[in-house]
1. Quick one: check the C-alpha center-to-center distance for region 114-144 versus region 243-259, whole angstrom.
2. Taking the Cα centre of region 170-259 as the origin, how large is its charge dipole in debye, to the nearest 20, when only Lys and Arg (+1) and Asp and Glu (-1) carry charge on their Cβ atoms?
3. Calculate the length of the line joining the C-alpha centroid of region 185-213 to that of region 56-95, in whole Å.
4. Kindly write out, for region 112-122 in residue order, the coupling ³J(HN,Hα) from the Karplus curve 6.51 cos²θ - 1.76 cosθ + 1.60 (θ = phi - 60°), rounded to whole Hz, with x marking Gly and Pro.
5. For a footprinting-style exposure proxy, rank Tyr188, Tyr125, Tyr77 by other Cβ within 10 Å, fewest first.
6. Going Cα to Cα from Lys225, which lysines come in below 26 Å? Please leave out same-chain ones fewer than 8 positions away.
7. Looking only at Cα atoms, what is the convex hull volume of region 1-52 per residue, in Å³?
8. Expressed in nm to one decimal, what extension gain is obtained for the pair Asp237 and Arg47 from 0.36 nm per residue of sequence separation less their Cα-Cα distance?
Amino acid sequence: MEFKNIIYKVEDNIATIQLNRPKALNALNSGINNDILAALELVKADRSIRVLIITGNEKAFAAGADIKEMCDATPSYARSFCSAAIDINNTLESLPIPTIAAVNGFALGGGCELALACDFRVAGYKSRFGLPEVSLGIIPGACGTQRLIPLVGLAKTREVVMLNTIIKGEEALAIGLVNRLVDDAEVYDEAVRLAKELMAKPALALAAAKTAINAGAYGTIEEGKKIECNEFALLFDTHDQKEGMKAMLENREPKFTNS
Ligand code: CAA
């Protein structure tokens, strides 16, 4: 499928959505949001895809929601505009496959929220993360305040959201906002390396781990404990659980079949 605002490809069981509005630093307008949502439907429908990478270009992952489109918005337009971004981020979180944001340059506002909704973030030294919405007279509208807290804690979240502090790559790594920091030219390749590491793991166990981790991060600890226990038990009905444990006991590499 051809898209106007993104480039979508699938290679070696890895899907990549590349945001492609370079003149606007990949600002997220309705057009690009609709393209991302459509690409996510393709990802959901293709069972051969094991990992999804979202990336931008060398200057920007995405510099936020499109301010030109939002500037004169009414509250009801603003609500429908942010519901598309919320849908994208919730879909990323609920996909059964791991997702990786490969971030070069600016990941601001809605761009930062998009990266936060991914399971992993790989970034370059020149990356810049921030939620500058308060300086525009608004607040993050696609769950940025909520997803940042479990990652970096309340104190840092208040700095980023209320003081609009911009986090540079090295600090992002130090505070756990990104998982891997590499040379800027290496970001996408490193994301592919991480994707391949993930693909060596059994897919059903990864999906269960993702469900349990997200429940723990965003729900109450009591709900999270129940979900973890349930996912744990259900995996004992899979080939890969038997194979993984037997291989360990027999001191050999496991042969996972994702079943
Ligand atoms: N929306 C619309 N256009 C944007 C944009 C955005 N968020 N960010 C950048 N652009 C456009 C600029 O208007 C400019 O377009 P023109 O060439 O037509 O003038 C082009 O991208 C290049 O930008 P700059 O010339 O500003 O580039 P720079 O290198 O000097 O600065 C920047 C880069 C610091 C990222 C600056 O562009 C900037 O501050 N952008 C806005 C960042 C921001 O506030 N994001 C939050 C948006 S609100 C939000 O995201 C709400 C939400 O949670 C849903």
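1. 39 Å
2. 540 debye
3. When both Cα centres are located, 25 Å separates them.
4. 5, 5, 5, 5, 5, 7, 7, 6, 9, 10, 10
5. Tyr77, Tyr125, Tyr188
6. Lys201, Lys210, Lys242
7. Measuring per residue, one finds 71 Å³ for the Cα hull of region 1-52.
8. So the extension gain works out to 66.4 nm.
No lab work stands behind these numbers, since they all come straight from the coordinates. This is a predicted model, so every value here is computed, not measured. Cβ atoms come from the backbone with ideal geometry, glycine included; neighbour counts cover every protein chain shown.
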